[in-house]
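Following: one structure in structure tokens, then a few remarks.
The values are calculated or read from the model by the stated rules, or taken from the named source; none is laboratory data. Remember, it's a predicted structure, so these values are computed and weren't measured experimentally. Cβ placement follows ideal geometry from the backbone for every residue including glycine, while neighbour counts extend to all protein chains displayed.
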Amino acid sequence: MRPLSCYFLSAVLVSRAPYTTASTFRPRILADSNRDGIVNHLDEADKHDWTDTRGAIFLPNIGDSLGRCAAVDLTGSPLSNVELWRCHDSSGDRLLPSSAQYAAPLVTLPLPELSDNATGRIYTEPDHTRDRVRLFWRENDWMTGYSSVWSVVDRQLTFNATNLRSGISLAMDGRELVTDASVWDGSVRVVFEVTDGGRTARDSVALKQAPVLLHHHLQQAEIVLSSAAGNKETIGSGWQAHFLRELEKAVGGDARIVLFNQSTDIWAQDFLEPGYASMPGPDGPVSIRILLRSAQSTREAGRQVFSQLRSAGIGGFQPGSGSGFGWEEINSGGNIETIPPYTSRSGKRWPNGRVIMGTHFGTYPAESMVRFLQSQQVQSPLFLETGWLGVGHVDEMVQFVASSFIELGFTIAVADTTSALSLLRNANLSGHGSTPLVSYTGDASPDAFTAFLDPDLLHNTTISSILADPSFIATQAYAQKYIDQNLALLLREVPLRDQDILRVPTLFKDITYPWPSAPDGHPPRLSLPYPGEKKLKSLLPQAINGLVLGNGKYVAPKQWGPVVEGQDIFAQTVEEVYGRVGMKVEWVDDYMSHHVRGGEVHCGTNALREMERWWDTE
């Protein structure tokens, strides 16, 4: 990465041109308005207005590049959620050398013919931005032997004629994220004001903070996240250790695996949602990862966003209070996914993709998270119906995967009971009705969290017996009704044909029964069934709930389906379905580690993916 000074080189050279004379007295301030990563004379045009195709961009500099932010206070007590996330590289008034690369460059052009009495000021507008952004200037400090240092620019700071004559190098970053666009949408105007004698003149340049973008599956996974197994006293630690060995083998060298180690919460997908922000740089995009903690204020595992992952180039977002209290599953990261870039059937462009979230029969995810995503103004959420699912996450029924065979570049995969029932019926008709439905024969010792472990399913259920169960058939029809409704909504938005859709065989079981109430008046973790509706969970490990790595590799939960003539008929079909788009399935056994606890591979993992440019220039 180039030092920040490289951004300014062209500007300083070009500024020797006759921009200013005593007669014209024209202060000039420039930023990277044309988005080529360099500040120079080409940025002069249309610099006062920020549009989709022109205007300088700056970053929220909220990493912890020196590891100086603690998770506990001096007494050893945990910091509050607000205290925890408020510490970061831009929470003070020093531009740390370790994070200076995330500050956007600006420059004032030299005014060589000013008198000795000339003074200047540089400040931001509107007034409320002064607490939201930081502005620095490169000062030659006599205390450091006249070596240059970055000093904070206050509205009351006055620049003398010497600095104004030579031109001033500036840098700006954000102290906070855009969380409510009705309060602040990230827009800032930097004003350069010069007074010489009785004359005062001003110039300004428009900038806007980069939005936080959520990843989509066309971006290659660079880091895979999961949870460490814990010690022998940790419930389920042996199964988690087995899962991690399988995961490491499946991922191979395609990505680095990082394990959360400050919590026993195994659902790495659910307590955070990875994103990033980027701006143009001289050598390509300059990006910082922004990890969104789930809007589940009492879910301790989410604090690992700050206590473990926040570092150089990685910051976090803590949803505000007023919503997202407790630990409601509707607010988990598994209920946030992203459609890859597309242009909708109505002609609206989504060049960075669009977020999808699930509602529960009229109940929406936490306002603090929804408002945050809407306020980024680039991936505003589309809502599907997931209230019929036990946990209620979109990743239980839909997925987006790359496809070079489709002009759009990706397609939609959905859970599908119709194809699953066909597999069972065909096996039954061919004389394999007595085959066990579940082929898992390993250790199935229960523990406190194996809520969905069903010995009768493991030992007494065959293909023919389950097909003879009317309630089972009705459950599949109920699931398919909502899958079809959600797919229809997606296809009204995304220009794909029905034949482009990948239908992943999936069976469901009815888990509509009372759940214990939450302690101490907290909202219940799992939403209760809506009157007249059901709650369903996958019967076999759910193939659609896997990890898309990129490069054609897909890590999926081992099916443990019926074995007919030596082949798991579900695994064989899943491989064929993903093979249609050139994806190779790598199987991971999660039966005891995750499946019987309410989730699958996707629920137990997460991914930090490649970061891309998001801006237009024409």
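Residue-by-condition table, conditions (1) over 25 Å from the mean Cα position of the chain (by Cα); (2) within 22 Å of Glu396 (Cβ to Cβ); (3) assigned by TED's automatic domain parsing to the domain that holds His242:
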{"residue": "Val563", "(1), (2), (3)": "yes, no, yes"}
{"residue": "Ala571", "(1), (2), (3)": "yes, yes, yes"}
{"residue": "Val574", "(1), (2), (3)": "yes, yes, yes"}
{"residue": "Val577", "(1), (2), (3)": "yes, yes, yes"}
{"residue": "Asp589", "(1), (2), (3)": "yes, yes, yes"}
{"residue": "Val596", "(1), (2), (3)": "yes, yes, yes"}
{"residue": "His602", "(1), (2), (3)": "no, yes, yes"}
{"residue": "Trp614", "(1), (2), (3)": "no, no, no"}
{"residue": "Thr617", "(1), (2), (3)": "no, no, no"}
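In contact with an Asp or Glu (Cβ under 9 Å, 6 or more places away or on another chain), at pLDDT below 95 and not β-branched (Val, Ile, Thr): is that true of Arg525 in this structure? Steps first, please.
Details: in contact with an Asp or Glu (Cβ under 9 Å, 6 or more places away or on another chain): yes; at pLDDT below 95: yes; not β-branched (Val, Ile, Thr): yes.
Taking the combined requirement at face value, the residue satisfies it.
Before we move on, is Ala474 closer than 29 Å to Lys558 by Cα and in contact (Cβ under 8 Å) with a residue 24 or more places away in the chain? Give the steps one after another, and end with the answer.
On the way: closer than 29 Å to Lys558 by Cα: yes; in contact (Cβ under 8 Å) with a residue 24 or more places away in the chain: no.
No, not satisfied.
Scanning the range 10-39 for residues that are modelled with pLDDT under 50 and polar (S, T, N, Q), which turns out farthest from Ala161 (Cα to Cα)?
Ser10
Suppose we filter Ala451, Ala477 for residues that are more than 27 Å from the chain's Cα centre (by Cα), among the small types (Gly, Ala, Ser) and either closer than 30 Å to Phe410 by Cβ or outside the structural domain of Ser404 (by TED's automatic domain parsing) (or both); which single one remains?
On the way: Ala451 fails: either closer than 30 Å to Phe410 by Cβ or outside the structural domain of Ser404 (by TED's automatic domain parsing) (or both).
One residue alone meets the criteria, Ala477.
Can you tell me which residue among Val555, Val581 is within 17 Å of Gly334 (Cβ to Cβ) and of a type in the set (Val, Ile, Thr)?
Val555 is the lone residue from the list that is within 17 Å of Gly334 (Cβ to Cβ) and of a type in the set (Val, Ile, Thr).
Within the bounds of the range 470-491, is there any residue that is surrounded by fewer than 17 Cβ atoms within 10 Å (Cβ to Cβ), part of a loop (DSSP other than H, G, I, E, B), out of contact with any Asp or Glu (no Cβ under 8 Å at 6 or more places or on another chain) and not basic (Lys, Arg)?
No: the range 470-491 contains no residue that is surrounded by fewer than 17 Cβ atoms within 10 Å (Cβ to Cβ), part of a loop (DSSP other than H, G, I, E, B), out of contact with any Asp or Glu (no Cβ under 8 Å at 6 or more places or on another chain) and not basic (Lys, Arg).
If a residue counts only when it is surrounded by 21 or more Cβ atoms within 10 Å (Cβ to Cβ), which helices (runs of 4 or more DSSP H) contained entirely in the range 355-465 have at least 1 such residues?
On the way: elements: 367-375, 417-427, 455-460.
By residue number, 367-375, 417-427.
Check Glu533 against each of (1) within 29 Å of the chain's Cα centre (by Cα); (2) outside any strand (DSSP E or B); (3) among the acidic types (Asp, Glu) and name the one condition it does not meet.
Glu533 satisfies all of (1) within 29 Å of the chain's Cα centre (by Cα); (2) outside any strand (DSSP E or B); (3) among the acidic types (Asp, Glu) except (1).
With among the acidic types (Asp, Glu), free of Cβ contacts under 8 Å to residues at least 12 places away in the same chain and closer than 26 Å to Val585 by Cα as the only criterion, which of Glu396, Glu407 stands out?
Glu407
Within the range 201-221, identify whether any single residue is crowded, with 24+ Cβ neighbours inside 10 Å, in contact with a His (Cβ under 8 Å, 6 or more places away or on another chain) and over 18 Å from Glu273 (Cα atoms), and answer yes or no.
Scanning the range 201-221 turns up at least one residue that is crowded, with 24+ Cβ neighbours inside 10 Å, in contact with a His (Cβ under 8 Å, 6 or more places away or on another chain) and over 18 Å from Glu273 (Cα atoms).
Regarding the range 340-349, can at least one residue be identified that is modelled with pLDDT under 95 and either under 15 Å from the mean Cα position of the chain (by Cα) or of a type outside the set (A, V, I, L, M, F, W, C) (or both)?
no
Looking only at strands (runs of 3 or more DSSP E) that lie completely in the range 123-204, which have at least 1 residues being of a type outside the set (Phe, Trp, Tyr) and in contact with an Asp or Glu (Cβ under 6 Å, 6 or more places away or on another chain)? Steps first, please.
Numbers: elements: 133-141, 147-152, 168-174, 187-196.
Per the criteria, 133-141, 147-152, 187-196.
Out of curiosity, is Arg492 closer than 29 Å to Leu384 by Cα, of a type in the set (Lys, Arg) and touching a residue at least 24 places away in the same chain (Cβ under 8 Å)? Talk me through it step by step, then tell me what you get.
Numbers: closer than 29 Å to Leu384 by Cα: yes; of a type in the set (Lys, Arg): yes; touching a residue at least 24 places away in the same chain (Cβ under 8 Å): yes.
Yes.
Of all the strands (runs of 3 or more DSSP E) wholly in the range 240-316, which have at least 3 residues that are among the hydrophobic types (A, V, I, L, M, F, W, C) and either at positive phi or crowded, with 19+ Cβ neighbours inside 10 Å (or both)? Steps first, answer last, please.
On the way: elements: 256-260, 272-279, 286-293.
Because the criterion is at least 3 residues that are among the hydrophobic types (A, V, I, L, M, F, W, C) and either at positive phi or crowded, with 19+ Cβ neighbours inside 10 Å (or both), the strands (runs of 3 or more DSSP E) in the range 240-316 that meet it are 272-279, 286-293.
Could you please find all residues in the range 410-444 being among the hydrophobic types (A, V, I, L, M, F, W, C) and under 16 Å from Ala479 (Cβ atoms)? Walk me through it before giving the result.
Let us first name the residues in the range 410-444 that are among the hydrophobic types (A, V, I, L, M, F, W, C), namely 410, 412-415, 420-421, 423-424, 427, 429, 437-438, 444.
Once the filter is applied, which keeps residues that are among the hydrophobic types (A, V, I, L, M, F, W, C) and under 16 Å from Ala479 (Cβ atoms), the range 410-444 yields Ala413, Val414, Ala415, Ala420, Leu421, Leu423, Leu424.
Looking only at the range 511-529, decide whether some residue is crowded, with 20+ Cβ neighbours inside 10 Å, more than 22 Å from Ala402 (Cβ to Cβ), assigned by TED's automatic domain parsing to the domain that holds Val577 and in contact with a Leu (Cβ under 9 Å, 6 or more places away or on another chain).
No: zero hits.
Does any residue in the range 47-71 that is at pLDDT 95 or above and basic (Lys, Arg) come within less than 8 Å, Cβ to Cβ, of a residue that is crowded, with 23+ Cβ neighbours inside 10 Å and not in a loop (DSSP other than H, G, I, E, B) six or more places away or on a different chain, and which pairs are these?
Qualifying pairs under 8 Å: Lys47/Leu30; Lys47/Ala31; Lys47/Ala56; Lys47/Val205.
Please specify each residue of the range 536-560 satisfying the condition of being assigned to a loop (DSSP other than H, G, I, E, B) and under 15 Å from His595 (Cβ atoms). Before the answer, list the steps.
Narrowing the range 536-560 to residues assigned to a loop (DSSP other than H, G, I, E, B): 539-546, 551-552, 558-560.
Leu539, Leu540, Pro541, Gln542, Ala543, Ile544, Asn545, Gly546, Lys558, Gln559, Trp560, listed by residue number.
Sort out which residues of the range 257-278 are of a type outside the set (Phe, Trp, Tyr), within 30 Å of Met172 (Cβ to Cβ) and touching a Ser or Thr at 6+ places or on another chain (Cβ under 8 Å), and write them in order of number.
Answer for the range 257-278, where residues must be of a type outside the set (Phe, Trp, Tyr), within 30 Å of Met172 (Cβ to Cβ) and touching a Ser or Thr at 6+ places or on another chain (Cβ under 8 Å): Leu272, Glu273, Ala277, Ser278.
Thr75 versus (1) part of a loop (DSSP other than H, G, I, E, B); (2) β-branched (Val, Ile, Thr); (3) touching a residue at least 60 places away in the same chain (Cβ under 8 Å); (4) surrounded by fewer than 20 Cβ atoms within 10 Å (Cβ to Cβ): which is the lone unmet condition?
All conditions are met except number (3).
For the range 52-67, which residues satisfy the criterion of being more than 17 Å from Ser90 (Cα to Cα) and surrounded by fewer than 24 Cβ atoms within 10 Å (Cβ to Cβ)? Steps first, answer last, please.
Taking the range 52-67 as the starting set, the residues that turn out to be more than 17 Å from Ser90 (Cα to Cα) are 52-56.
Passing the criteria: Asp52, Thr53, Arg54, Gly55.
Take the range 584-606 and flag every residue that is among the aliphatic types (A, V, I, L, M) and crowded, with 23+ Cβ neighbours inside 10 Å.
The first filter runs over the range 584-606 and keeps only residues among the aliphatic types (A, V, I, L, M), leaving 585, 588, 592, 596, 601.
Answer for the range 584-606, where residues must be among the aliphatic types (A, V, I, L, M) and crowded, with 23+ Cβ neighbours inside 10 Å: Val588, Met592, Val596, Val601.
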